[in-house]
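Asker: This is the structure I have questions about; it appears just below.
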Amino acid sequence: MKLNIIVLAKQVPDTRNIGEQAMNADGTINRSALPAIFNPEDLNALEQALLLKEQNPGSRITLLTMGPQRAADILREGLYRGADEGILLTDRAFAGADTLATSYALSAAINKIGEYDIVLCGRQAIDGDTAQVGPQVAQQLGLPQVTYVRRIVTIEDNRIVVERSIGNGVETVAAPLPLLLTVDGSAAPCRPRNAYRLLRYHRAAVPSELSVGENGKKPADESVLKEWSLADVNGDASRCGLGGSPTKVRKVENIIFQVKESKRLTADDADIKALVGELLANHTIG
Amino acid sequence: MNNILVYCELNGNNVAGVSLELLSKGRSLADTLGVQLEAVVLGSDLSAIASQVFPYGVDTLHLFEDSRLEYYTTLPHTSAICKLVDEEQPQIFLMGATVIGRDLAPRVSSTLKSGLTADCTALELGDYEDKKSGEKIENLLYSVRPAFGGNIVATIVNPYNRPQMATVREGVMPLCKVRPDDYVGNVVNHNLADYVSDSDFVVQILERHVQEQKNHLKDASIVVAGGYGVGSKENFDKLFTLAHLLHAEVGATRAAIDAGFTTHDRQIGQTGLTVRPKVYIACGISGQVQHIAGMQQSGIIISVNTDPDAPINAIADYVITGRVEEVLPKLITFYQQKI
């Protein structure tokens, strides 16, 4: 069966690889110095979409992201790896959104796309690690959800069977289409860029990138990358951005560990012997 | 009314440890606020539940017992809980940050349009002043959570929407029994059919494979943990020798697991387990914040590292500067000599 697949993706700072250039003198992180990447588990989700497309010829993959203009980078990355089109949802009204306001905006965009069989997304993004947006989008679209998916087993007659991780084991579940799946990092890694697609799409751009006249770029195919605003998706501004977010950040602290007075020892026999003796004497061990 | 509600998840027919931890925290928050503590449990056989939760200070226990609830699925739990919240109007609603809690809580919060903070490491009560309106709100829930790969800690509040929802990681809140084991509070049996519709059962579980827990890291009073600095799988095996002698469990950092030194179920840290043993022996662990987030509440921390300035040394009680393959055999030998 031909499937219309929507993949939700987020551009995130690479919090896993914090190099020296991203450290401030006081030991805190300079967040703006971190490289912006395609959220890792969203790439796992894209791979599931690409596998489905291979098994179901004629299927179509739409990559949807919300973010500032530079997030168009991950849409191009998705095109290189096999997505058919990309949509950038961008508007000042979305700034400062918590997960509920984010999922509202994404749901409005998915409703505008209209026809879909499966919505796929990563389980969570590495900047917030909340794992909330997937289930919240499912709820707002009125779709069933299956989270922590590691493999799609079969899809036929509007019924999908998937394997999901449940912490201490694996569950195989069946559900009707349409539905939303969140894919975790134990799923197959995403295939690399395709050289032909890289050549074909490296000039693809969203309209606002063209209007600033960046290198006079012209899209190879005007229809592959789209850009939607709040008005384009008929969104309600009061449910978006900071104002539409029930949760507020009260305080942010950089982690600075409380330094203990530590006893310094060498690896010499005498030191280790004394340590073991001390720990035994005060019943810490033994 | 406006009590504290805790969703208790099940392991088989027993309440999960994380849920009992949340009841303990919920009880102390309820005492501060002068309100009651309520718990909700859904399952197919709840006969053993009451005696498990009442000692932790539950005042009212809501039970949904139905053969269709043998295993957790999202939609029936969401429907039942959203309606129960509508009826009970709790001001705070807590769940474990487990596979179940992280599936259910966002769905519930989206239905209720209430705010949700994920994976909290602390819950406190405090005041909040709305900078725009100047309005002051007392006794708001402060949900404290790490973000940005554990490099920052954010305090999140939910000033206007109720309930204030949070999920909390397993092992973060200490267990605290406050009532005798035979205490019986108020039990309310709900009829599931009044809360869910048949269409909530569209997702079917075809198969389940659950592995028995292979280690007891969470409950171990001594943990011997290794990082990338252990150097090799052969060296890492020495950790098991020491652990065996000390009746300890072996843990690892993500880097050590990625290097193939041991298995994933032993990962301690932000994306693994949170442990709070009496003694934590950190071997060849540099002390990335992601790892420290999972072990900093340990009683005594002993660090074995070649780098005298390894970040973990800042929180260690004993710092042994040396190679793991040199120090571990000595610890083993001297321990054997003394006992």
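Asker: Under 6 Å between Cβ atoms, at least 6 apart or on separate chains: pull out the pairs that start in the stretch B:241-256 with a residue that is closer than 11 Å to B:G226 by Cα and modelled with pLDDT under 90 and end on any residue that is among the polar types (S, T, N, Q) and open to solvent by less than 10 Å² (accessible area, probe 1.4 Å).
Answerer: none
Asker: If you check B:I156 against the conditions, is it out of contact with any His (no Cβ under 6 Å at 6 or more places or on another chain), in the same structural domain as B:P76 (by TED's automatic domain parsing), farther than 23 Å from B:V35 by Cβ and of a type in the set (A, V, I, L, M)?
Answerer: Values: out of contact with any His (no Cβ under 6 Å at 6 or more places or on another chain): yes; in the same structural domain as B:P76 (by TED's automatic domain parsing): yes; farther than 23 Å from B:V35 by Cβ: no; of a type in the set (A, V, I, L, M): yes.
The answer is no for B:I156.
Asker: For the stretch A:75-176, which fully contained strands (runs of 3 or more DSSP E) count at least 1 residues that are touching a strand residue (DSSP E or B) at 6+ places or on another chain (Cβ under 9 Å) and within 14 Å of chain B (Cβ to nearest Cβ)?
Answerer: Strands (runs of 3 or more DSSP E) meeting the threshold: A:118-122, A:145-156, A:159-165, A:169-176.
Asker: Can you confirm whether the stretch B:314-331 contains a residue that is surrounded by fewer than 24 Cβ atoms within 10 Å (Cβ to Cβ), assigned to a helix (DSSP H, G or I) and in contact with a Phe, Trp or Tyr (Cβ under 8 Å, 6 or more places away or on another chain)?
Answerer: Yes: the stretch B:314-331 contains one or more residues that are surrounded by fewer than 24 Cβ atoms within 10 Å (Cβ to Cβ), assigned to a helix (DSSP H, G or I) and in contact with a Phe, Trp or Tyr (Cβ under 8 Å, 6 or more places away or on another chain).
Asker: Out of all the residues in the stretch B:92-106, is one or more at negative phi, surrounded by fewer than 19 Cβ atoms within 10 Å (Cβ to Cβ) and either in contact with a Ser or Thr (Cβ under 7 Å, 6 or more places away or on another chain) or in a loop (DSSP other than H, G, I, E, B) (or both)?
Answerer: No, the stretch B:92-106 contains no residue that is at negative phi, surrounded by fewer than 19 Cβ atoms within 10 Å (Cβ to Cβ) and either in contact with a Ser or Thr (Cβ under 7 Å, 6 or more places away or on another chain) or in a loop (DSSP other than H, G, I, E, B) (or both).
Asker: Let me ask something else. May I ask you to say which residue of B:G57, B:G43, B:G26 is under 17 Å from B:R162 (Cβ atoms) and either buried (at least 17 other Cβ atoms within 10 Å of the Cβ) or assigned by TED's automatic domain parsing to the domain that holds B:D181 (or both)?
Answerer: B:G26
Asker: Checking A:N168 against (1) touching a Leu at 6+ places or on another chain (Cβ under 6 Å); (2) modelled with pLDDT under 95, only one condition comes out false. Which one?
Answerer: A:N168 satisfies every listed condition except (1).
Asker: Filter the stretch B:107-125 down to the residues that are in a loop (DSSP other than H, G, I, E, B) and either among the small types (G, A, S) or not assigned by TED's automatic domain parsing to the domain that holds B:N11 (or both), then identify the one that is nearest to A:R123 (Cα to Cα). I'd like the intermediate steps shown before the answer.
Answerer: Initially, the stretch B:107-125 is screened for residues in a loop (DSSP other than H, G, I, E, B), giving B:113-115, B:121.
Checking the rest, the ones that are also either among the small types (G, A, S) or not assigned by TED's automatic domain parsing to the domain that holds B:N11 (or both) come to B:114-115.
On the way: B:S114: 21, B:G115: 19 Å.
The extreme case among them is B:G115.
Asker: Kindly indicate whether A:K273 is over 30 Å from A:L46 (Cβ atoms), of a type in the set (K, R) and modelled with pLDDT of 90 or more.
Answerer: On the way: over 30 Å from A:L46 (Cβ atoms): yes; of a type in the set (K, R): yes; modelled with pLDDT of 90 or more: yes.
Spelling it out, A:K273 is indeed over 30 Å from A:L46 (Cβ atoms), of a type in the set (K, R) and modelled with pLDDT of 90 or more.
Asker: Okay, next question. If only one of B:V319, B:V304, B:V324 is free of Cβ contacts under 8 Å to residues at least 40 places away in the same chain, touching a Cys at 6+ places or on another chain (Cβ under 8 Å) and in the same structural domain as B:S221 (by TED's automatic domain parsing), which one is it?
Answerer: Residue meeting the stated conditions: B:V304.
Asker: Right, here's the next one. Evaluate the following for B:F201: is it closer than 27 Å to A:V173 by Cα, touching a helix residue (DSSP H, G or I) at 6+ places or on another chain (Cβ under 7 Å) and aromatic (F, W, Y)?
Answerer: It is true that B:F201 is closer than 27 Å to A:V173 by Cα, touching a helix residue (DSSP H, G or I) at 6+ places or on another chain (Cβ under 7 Å) and aromatic (F, W, Y).
Asker: Separate question: Determine if the stretch B:266-275 includes at least one residue that is modelled with pLDDT of 90 or more, within 7 Å of chain A (Cβ to nearest Cβ) and surrounded by fewer than 24 Cβ atoms within 10 Å (Cβ to Cβ).
Answerer: no
Asker: Based on what the data block shows, is B:I339 at pLDDT below 90, hydrophobic (A, V, I, L, M, F, W, C) and either surrounded by fewer than 21 Cβ atoms within 10 Å (Cβ to Cβ) or over 25 Å from the mean Cα position of the chain (by Cα) (or both)? Break it down stepwise before answering.
Answerer: Numbers: at pLDDT below 90: yes; hydrophobic (A, V, I, L, M, F, W, C): yes; either surrounded by fewer than 21 Cβ atoms within 10 Å (Cβ to Cβ) or over 25 Å from the mean Cα position of the chain (by Cα) (or both): yes.
So B:I339 passes the test.
Asker: Next question, about the same structure. Here are B:P329, B:P308: which of them is touching a strand residue (DSSP E or B) at 6+ places or on another chain (Cβ under 7 Å), within 11 Å of chain A (Cβ to nearest Cβ) and at pLDDT 90 or above?
Answerer: Details: B:P329 fails: touching a strand residue (DSSP E or B) at 6+ places or on another chain (Cβ under 7 Å).
Step by step, each of B:P329, B:P308 is checked, and only B:P308 is touching a strand residue (DSSP E or B) at 6+ places or on another chain (Cβ under 7 Å), within 11 Å of chain A (Cβ to nearest Cβ) and at pLDDT 90 or above.
Asker: Test of understanding: among A:V119, A:V161, A:V137, which residue is open to solvent by less than 20 Å² (accessible area, probe 1.4 Å) and more than 16 Å from the chain's Cα centre (by Cα)? Steps first, answer last, please.
Answerer: Working: A:V119 fails: more than 16 Å from the chain's Cα centre (by Cα); A:V137 fails: more than 16 Å from the chain's Cα centre (by Cα).
A:V161 is the lone residue from the list that is open to solvent by less than 20 Å² (accessible area, probe 1.4 Å) and more than 16 Å from the chain's Cα centre (by Cα).
Asker: What is the residue count in the stretch A:60-75 for residues that are under 18 Å from A:G122 (Cβ atoms) and of a type outside the set (G, A, S)?
Answerer: 9
Asker: Continuing with this model, one more query. Here's a check for you: in the stretch B:228-255, which residue that is of a type in the set (D, E) and farther than 12 Å from B:R266 by Cα is least open to solvent (accessible area, probe 1.4 Å)?
Answerer: Among those residues, the one meeting the criterion is B:D237.
Asker: Quick one: which residue in B:A122, B:A147, B:A154 is among the small types (G, A, S), more than 7 Å from every other protein chain (Cβ to nearest Cβ) and under 22 Å from the mean Cα position of the chain (by Cα)?
Answerer: B:A122
Asker: Among the numbered criteria (1) in a helix (DSSP H, G or I); (2) within 14 Å of chain B (Cβ to nearest Cβ); (3) in contact with a Ser or Thr (Cβ under 9 Å, 6 or more places away or on another chain), which one does A:A49 miss?
Answerer: (2)
Asker: A further question follows. In the list B:G185, B:G171, which residue meets the criterion of being open to solvent by less than 60 Å² (accessible area, probe 1.4 Å), within 14 Å of another protein chain (Cβ to nearest Cβ) and not aliphatic (A, V, I, L, M)?
Answerer: Being open to solvent by less than 60 Å² (accessible area, probe 1.4 Å), within 14 Å of another protein chain (Cβ to nearest Cβ) and not aliphatic (A, V, I, L, M) holds for just one of B:G185, B:G171, which is B:G171.
Asker: So which of A:G134, A:G96 ends up being among the small types (G, A, S), in contact with a Ser or Thr (Cβ under 6 Å, 6 or more places away or on another chain) and in contact (Cβ under 8 Å) with a residue 40 or more places away in the chain?
Answerer: Being among the small types (G, A, S), in contact with a Ser or Thr (Cβ under 6 Å, 6 or more places away or on another chain) and in contact (Cβ under 8 Å) with a residue 40 or more places away in the chain holds for just one of A:G134, A:G96, which is A:G134.
Asker: If you don't mind, there's one more thing I want to ask. Against the condition more than 8 Å from every other protein chain (Cβ to nearest Cβ) and among the aromatic types (F, W, Y), how does B:Y228 come out, does it pass?
Answerer: Values: more than 8 Å from every other protein chain (Cβ to nearest Cβ): yes; among the aromatic types (F, W, Y): yes.
So B:Y228 passes the test.
Asker: Between B:G287, B:G299, which is within 12 Å of chain A (Cβ to nearest Cβ), open to solvent by less than 50 Å² (accessible area, probe 1.4 Å) and at positive phi?
Answerer: After ruling out the rest, the residue left standing is B:G287.
Asker: If you don't mind, there's one more thing I want to ask. If I filter the stretch B:204-227 down to residues being within 27 Å of the chain's Cα centre (by Cα) and among the aliphatic types (A, V, I, L, M), which single residue comes out as surrounded by the most Cβ atoms within 10 Å (Cβ to Cβ)?
Answerer: B:A225
Asker: While we're looking at this one, here's another question. Considering the stretch B:311-322 alone, what residues qualify as being facing chain A (nearest Cβ under 7 Å) and not polar (S, T, N, Q)? Steps first, answer last, please.
Answerer: The initial filter retains those residues of the stretch B:311-322 that are facing chain A (nearest Cβ under 7 Å), namely B:313-322.
Scanning the stretch B:311-322 gives B:A314, B:I315, B:A316, B:D317, B:Y318, B:V319, B:I320, B:G322.
Asker: Then there is this: Of all residues being out of contact with any Phe, Trp or Tyr (no Cβ under 8 Å at 6 or more places or on another chain) and among the small types (G, A, S) in the stretch B:123-165, which is most open to solvent (accessible area, probe 1.4 Å)? Just the residue, please.
Answerer: Among them, the one singled out is B:S133.
The values are calculated or read from the model by the stated rules, or taken from the named source; none is laboratory data. Computed from a predicted structure; not experimentally measured. Virtual Cβ from ideal backbone geometry, glycine too; neighbours counted across all protein chains shown. Side chains included, ligands, DNA and RNA excluded: accessible areas come from the protein's heavy atoms. Shrake-Rupley method; radii C 1.70, N 1.55, O 1.52, S 1.80 Å.
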